[in-house]
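The values are calculated or read from the model by the stated rules, or taken from the named source; none is laboratory data. In this text the structure is predicted, and so the values were computed from the model without any measurement. Here the Cβ positions follow ideal geometry from the backbone for every residue, glycine too, while neighbour counts run over all protein chains shown.
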Amino acid sequence: MSLKPHLSDADLVDLAEGTRPESSAPHLASCEACRRQLADLRAMLADVSITAREDVAADAEPSPLFWDRFQQRVSSAVAAESERGARSRLVGGFSGWRMLVPAATLAALVIAVTINSRVTMPVPPEDVPGVPRAELLSDSLPDDASLQLVADLTSSVDSSAEAEPGLAAHGGAEHAVSHLSAGELRELQRLLQAELANSGA
Amino acid sequence: MGGSGSPDVSLADLACADDRQLVELCLAGRPGAFDLIVERHQRAVYRLCYRFVRNHEDASDLSQDVFLRAYRGLRRFRGNASLTTWLYRIGVNVCLNRLSAKPALLDKQTQPIDEQAFIDTRGESAPDRLLRDERGARVREAIGRLPRKQRATLIMRTYHEMSHQEIADVLGTSVGAVKANFFHALGNLKKMLGDV
């Protein structure tokens with residue numbers, strides 16, 4: 001009976017592959033289990049190696065034309081990737097605005113309605129061509145901080161764009177509100193709650 | 001490749017650049033640098049992918065995917081392994097992931113005997129050839145059913161004749177773990193085939 005531990009997986013692999021001689025593993029001489037394991041390993045390795053050699057020999061190298069075409073495919077894919085990357089970097093710079101503009105616009109509208117229901121509003125002046133309503137509003141109520149906020153938030157909205165029949169321009173309030181994703185809606189809800197809390201509504 | 005500048009390197013210099021220099025040039029925005037990387041490594045990458053899927057169409061798609069991923073991750077290439085090893089690592093991951101996502105690819109791997117490429121069998125009797133073909137088909141099918149790392153290790157060792165160290169570099173593991181994987185792969189094949 002052998003007192004030494006059995007050969008490790010790595011030892012058996014080395015012996016099966018012949019990278020180390022059996023003489024370096026005297027344990028083998030006294031251990032039937034390890035000898036049997038090594039014999040099985042060698043047989044299986046020989047079997048797999050024959051199959052591998054046959055497969056490699058049988059592999060037809062693709063036509064030389066394939067490699068040119070392959071390079072072109074990779075090159076086109078990489079170019080498209082670069083272009084996408086550049087575009088997403090550009091868009092990424094505006095992504096915060098994309099979230100903020102519709103959210104802020106809606107927040108402003110809700111705040112305006114809320115405040116309007118509580119405060120007796122002075123009659124706003126008629127629309128002045130070329131001047132956004134928000135500016136007129138802010139001019140008329142300079143001392144009200146919450147209305148100033150509304151004015152600030154809505155000053156970038158061009159209401160005339162939405163007035164065109166059937167069109168809600170990209171970036172416009174109507175389009176923004178009607179095209180919110182689930183994430184944007186959640187963010188909008190959060191902003192609204194924050195703004196309402198700030199305005200004391 | 002993105003980058004602020006486009007270093008003034010002639011085409012001749014580019015062709016002489018080693019892989020690491022090519023990666024640096026690529027990162028610096030030198031046009032053509034990545035094309036050269038593809039040209040140098042496409043055959044090795046394709047062969048690796050082919051070994052996993054055993055058909056030209058999928059091997060070609062997977063190879064393209066490997067290079068695209070390499071391009072995206074080029075900044076993460078540290079240079080402490082060779083570019084070949086790094087590409088092999090991506091290749092093994094891409095192939096194993098694809099096989100996990102599309103097990104049908106495994107079915108394609110076992111080609112009917114009649115469709116297998118011609119092997120010179122002059123001097124071999126018809127029954128012997130039939131037995132050899134059947135055995136080969138069973139071995140291939142069994143390799144396809146091995147656990148992921150065992151399969152990858154076996155393919156790299158027996159088909160690509162990579163050293164244990166090279167395989168360890170590709171799989172990001174130790175030589176001991178590679179040998180253990182190889183040992184268990186052969187043991188599992190024996191169990192699946194039922195005999196030797």
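Couple of notes before you dig in:
- Failed condition for B:P127, given (1) over 18 Å from A:V56 (Cβ atoms); (2) buried (at least 17 other Cβ atoms within 10 Å of the Cβ): (2)
- When residues of segment B:23-33 are limited to those that are without any contact (Cβ under 8 Å) to a residue 40 or more places away in the chain and among the hydrophobic types (A, V, I, L, M, F, W, C), the one nearest to B:V66 (Cα to Cα): B:A33
- Among the residues of segment B:105-146, those identified as in contact with a helix residue (DSSP H, G or I) (Cβ under 9 Å, 6 or more places away or on another chain), over 17 Å from B:A59 (Cα atoms) and modelled with pLDDT under 55 are B:P112, B:I113, B:F118, B:I119, B:D120, B:T121.
- Note on segment B:150-170: residues that are surrounded by fewer than 20 Cβ atoms within 10 Å (Cβ to Cβ) and part of a helix (DSSP H, G or I) amount to 1.
- For the residues A:D47, A:D59, the requirement of being under 18 Å from B:G187 (Cβ atoms), touching a helix residue (DSSP H, G or I) at 6+ places or on another chain (Cβ under 9 Å) and among the charged types (D, E, K, R) singles out A:D47.
- Residue satisfying all of: in segment B:46-68; more than 10 Å from chain A (Cβ to nearest Cβ) and part of a helix (DSSP H, G or I); farthest from B:L146 (Cα to Cα) among these: B:E57
- For B:S63, the conditions (1) surrounded by 16 or more Cβ atoms within 10 Å (Cβ to Cβ); (2) more than 29 Å from B:A142 (Cβ to Cβ) are fulfilled apart from (2).
- Note on segment A:1-84: enclosed helices (runs of 4 or more DSSP H) holding 1 or more residues that are within 7 Å of chain B (Cβ to nearest Cβ) and farther than 30 Å from B:Q64 by Cβ are A:9-17, A:32-58.
- Note on segment B:171-190: residues that are more than 10 Å from chain A (Cβ to nearest Cβ) and assigned to a helix (DSSP H, G or I) amount to 1.
- Residue within segment B:35-43 that is assigned to a loop (DSSP other than H, G, I, E, B), over 18 Å from the mean Cα position of the chain (by Cα) and either surrounded by 14 or more Cβ atoms within 10 Å (Cβ to Cβ) or free of Cβ contacts under 8 Å to residues at least 40 places away in the same chain (or both) present: no
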